[in-house]
Amino acid sequence: MLALLRTTLGAALFGSTSTMAGGAQASSPAQAVIPWSAAQTQAAGIGTQVVGNSQGGASAGLVLQGTVELPPQATELLSTPVAGVVQQVLVAAGQKVKAGEAVARLLSPELLVWQRELLQAQAQARLAATKLERDEKLYAEGIIAGLRLQDSRTQNELAQLAVRERRQTLQMAGASTSGDALQPGLTLRAGAAGTVLEVTATPGQRLDAGMPVAKVARSGKLAIALQATPEQAQTLRTGDRLAIAGCDTAATLVAIVPQVSAGNQAVQLRADFTSAQDCLRVNQFVQVTVAGRTDAKAQGSLSIAAQAVVRHEGQAYVFVQTPKGFAPTVVVLGTEGAGQTLVRSGVKAGDVIAVHGLAALKGAWQGMGSGAQ
C-alpha cells in the first residue's frame with residue numbers, strides 16, 4: 001500500500017513538472033525549434049530568402065509621380081550690361097549653344113564712354129608714374145622734401161587704381177580692354193553650354209542696362225519636384241536613387257520638406273538629375289521608382305520581405321531555417337515600405353528565413369505555444 005502511494009505521488013509530481021515545462025514553452029515558443037523536414041517544406045510550399053545587405057532600404061520599389069523643373073542654379077539669364085540697341089540676335093529658342101558662343105550683338109554709346117574713361121585713366125596713370133619717378137630722383141638729391149615725394153606716391157597709387165577700376169568695368173561688360181580704338185559693339189556670350197529657353201530681345205530694340213536678352217538652361221542639370229504621402233516619406237532618405245523611365249542615369253533625392261501641403265496633405269520632395277543624356281524636358285510629368293540608396297549607412301543595413309514578419313505578443317518574429325527545422329526568432333525592425341522591412345537586430349546577413357507558405361509553420365508554432373497573430 002505504501003509503495004503504491006509513493007508511485008502515485010511520484011507520477012503526480014512528474015506530471016506537474018511536465019505541465020509547467022509545457023506552460024513555459026507556451027509563453028516563450030520562440031526558444032524552441034519547430035522540427036521540419038525538407039519534404040514538409042516542399043509539401044507546405046514554404047519559400048525562403050537569404051538575408052543580405054540592403055542597397056535601397058525599406059523604400060526600394062516605391063513609385064512616385066513628379067514634374068521636371070529647371071533649378072535656379074542651372075538657369076543663366078543673359079542681360080545687357082550697358083544701355084544700347086540690339087544689332088543682331090544669333091540664337092533661337094530651343095537651340096543648343098556652347099560655352100562662349102555668341103548670343104546677340106549690341107551697339108552702345110555708353111560703351112564708348114567707358115572706353116574713353118579707361119584711356120583717360122591710363123594717360124593719368126602714365127603721368128603720375130613719370131612724376132613719381134622724377135620726384136624720387138629729386139628727393140635722393142635733397143632738392144625736394146619727403147612730403148612732396150609721399151604726395152607723388154599717393155597720386156600714382158590712385159591713378160593705378162582708377163585704371164584697374166575702368167578695366168574691370170569693361171571686362172564685366174564683355175568688352176575688349178586692349179588697344180586704343182573705341183569700339184561701340186558688344187557681343188553677349190553664353191557662360192556655359194546649354195539650351196536656349198527663351199529670347200526676349202529683337203533686332204532694333206533699345207535696351208536699358210540690366211534688361212534680359214535670352215534665358216539659357218545649362219545642359220545636364222534638372223530638378224524633379226515630387227510628392228509623397230507622410231507614410232511614404234517616412235521610408236525615404238536623402239541620397240535615395242530614383243530610377244526614371246527612359247533615362248539611363250538615376251536622379252538623387254536631395255530634399256524632403258519637413259511639412260505637408262495644407263491642400264492635399266502631401267510631403268514635397270526634390271530630386272536632382274545630372275546627366276548628359278537628353279531624356280527629360282522642363283515641365284514634363286515623370287514617374288520615378290526608388291531604386292536604392294547611395295549612403296554607406298543604408299548599404300550596411302539588412303532588409304527582408306515584409307511578409308516574412310510574424311507578430312506575437314507585441315514582438316516581431318521571423319522563422320529562421322536551421323538544420324533541424326525553423327526557429328521563431330525575435331527581430332527589431334526599422335522602417336517599412338514597398339514590401340521591404342529594415343532589420344536592426346535579431347538576424348544577420350546569410351541567415352535563411354521563410355517568406356512564403358507560412359501558414360503551416362504558424363500552425364505548428366501555435367501548437368507548441370500560444371497562437372501567433
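Only residues that are under 18 Å from the mean Cα position of the chain (by Cα), touching a residue at least 24 places away in the same chain (Cβ under 8 Å) and outside any strand (DSSP E or B) were counted in the stretch 224-244, giving 7. Checking each residue of the stretch 123-138 against the condition of being of a type outside the set (K, R), under 30 Å from Q183 (Cβ atoms) and either in a loop (DSSP other than H, G, I, E, B) or in contact with a Leu (Cβ under 7 Å, 6 or more places away or on another chain) (or both) gives no match. Mind listing whichever residues of the stretch 95-122 are more than 30 Å from R281 (Cα to Cα), of a type outside the set (V, I, T) and out of contact with any strand residue (DSSP E or B) (no Cβ under 8 Å at 6 or more places or on another chain)? Once the filter is applied, which keeps residues that are more than 30 Å from R281 (Cα to Cα), of a type outside the set (V, I, T) and out of contact with any strand residue (DSSP E or B) (no Cβ under 8 Å at 6 or more places or on another chain), the stretch 95-122 yields L112, W114, Q115, R116, E117, L118, L119, Q120, A121, Q122. Pull out all pairs, ordered by first then second residue, where Cβ-Cβ is under 7 Å, the residues are six or more apart or on different chains, the first lies in the stretch 245-262 and is within 17 Å of E69 (Cβ to Cβ), and the second is of a type in the set (D, E) and surrounded by 14 or more Cβ atoms within 10 Å (Cβ to Cβ). Matching pairs, first to second residue: A251/D272; T252/D272; L253/D240; V254/D272. Might you check whether a residue that is among the hydroxyl-bearing types (S, T, Y), surrounded by 12 or more Cβ atoms within 10 Å (Cβ to Cβ) and touching a Lys or Arg at 6+ places or on another chain (Cβ under 8 Å) occurs anywhere in the stretch 137-144? Scanning the stretch 137-144 turns up at least one residue that is among the hydroxyl-bearing types (S, T, Y), surrounded by 12 or more Cβ atoms within 10 Å (Cβ to Cβ) and touching a Lys or Arg at 6+ places or on another chain (Cβ under 8 Å). For beta carbons closer than 7 Å, sequence separation of 6+ or different chains, a first residue in the stretch 342-368 that is outside the structural domain of V309 (by TED's automatic domain parsing) and closer than 20 Å to A38 by Cα and a second that is assigned to a loop (DSSP other than H, G, I, E, B) and aromatic (F, W, Y), there are no qualifying pairs. Checked against (1) more than 30 Å from L342 (Cβ to Cβ); (2) out of contact with any helix residue (DSSP H, G or I) (no Cβ under 6 Å at 6 or more places or on another chain); (3) modelled with pLDDT of 90 or more; (4) buried (at least 16 other Cβ atoms within 10 Å of the Cβ), A74 meets all criteria but (3). For Q183, the conditions (1) at pLDDT below 90; (2) within 15 Å of L111 (Cβ to Cβ); (3) not in a loop (DSSP other than H, G, I, E, B) all hold with the exception of (3). Only a single item in (1) within 23 Å of L342 (Cα to Cα); (2) surrounded by 17 or more Cβ atoms within 10 Å (Cβ to Cβ) is not met by A255, and it is number (2).
Residues being touching a strand residue (DSSP E or B) at 6+ places or on another chain (Cβ under 6 Å), hydroxyl-bearing (S, T, Y) and either touching a residue at least 60 places away in the same chain (Cβ under 8 Å) or outside any strand (DSSP E or B) (or both) are represented in the stretch 79-94 by at least one member.
The values are calculated or read from the model by the stated rules, or taken from the named source; none is laboratory data. Note that the coordinates shown come from a computational prediction; the quantities given were computed from them, not determined experimentally. Every residue, glycine as well, gets a Cβ built from its backbone with ideal geometry; the counts of neighbours run over all protein chains shown.
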